[in-house]
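Worksheet: the structure to be examined is printed underneath.
The values are calculated or read from the model by the stated rules, or taken from the named source; none is laboratory data. On a predicted model such as this, the values are computed, not experimentally measured, just so you know. Glycine gets a Cβ as well: all are built from the backbone with ideal geometry, and neighbour counts include every protein chain shown.
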Amino acid sequence: MNQLTTLDPFADAGFDELFRGFFRPVRASAQPQALAIKMDVKETDRGYVVQAEVPGVKKEDIQVTIEGNQVTIAAETRRESEQKDGERVLRTERFYGNLYRSFTVPVELDEQASSAKYENGVLELSLARKQPVAGRKLTIQ
């Protein structure tokens, strides 16, 4: 017998992002919410290539940590604006604060052979697989 499923067109995350804040009034004074670091992960024969969007962040404020098979990307954005005389802020939507994303891959990573490059708001990580250690033969006594 066929199984029936319900289609919910509003359950897609893309639809949510399209209309996020659309119906909120302009005078809302709530702080902007932290954005998730969006990324693409590709597998190659040598390891993994990660492209993460971190716009508006200086490369000195980005930290990448590799521990075994876990990768952590942390960044800090700062508000660098000064209010001049005669100006008043009507709306502030730009996020400032700490961004954080952590993920795991199925194999151990080699921290020494991995590299990172940041250009035009995109952080590109080349994560190298750790070479398997050859087992040694035990002598029986």
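Where residues in the range 77-109 are in contact (Cβ under 8 Å) with a residue 40 or more places away in the chain and not in a loop (DSSP other than H, G, I, E, B), which of them is nearest to the chain's Cα centre (by Cα)?
ARG101
For residues that are acidic (Asp, Glu) and in a strand (DSSP E or B), scanning just the range 53-76, find the one that is surrounded by the fewest Cβ atoms within 10 Å (Cβ to Cβ). Explain how you work it out, then say what you get.
First, the residues of the range 53-76 that are acidic (Asp, Glu): 53, 60-61, 67, 76.
Within this subset, residues satisfying the condition of being in a strand (DSSP E or B) are 53, 67, 76.
Working: GLU53: 14, GLU67: 12, GLU76: 15.
Within the range 53-76, the match that is surrounded by the fewest Cβ atoms within 10 Å (Cβ to Cβ) is GLU67.
Only one of GLU93, GLU76, GLU82 is over 20 Å from ARG46 (Cβ atoms) and in contact with a Pro (Cβ under 8 Å, 6 or more places away or on another chain); which?
Checking each option against the conditions leaves just GLU93.
Evaluate the following for LEU127: is it modelled with pLDDT under 90, part of a strand (DSSP E or B) and surrounded by 12 or more Cβ atoms within 10 Å (Cβ to Cβ)? Give the derivation first.
Details: modelled with pLDDT under 90: no; part of a strand (DSSP E or B): yes; surrounded by 12 or more Cβ atoms within 10 Å (Cβ to Cβ): yes.
Here the answer is no, as LEU127 does not meet what is asked.
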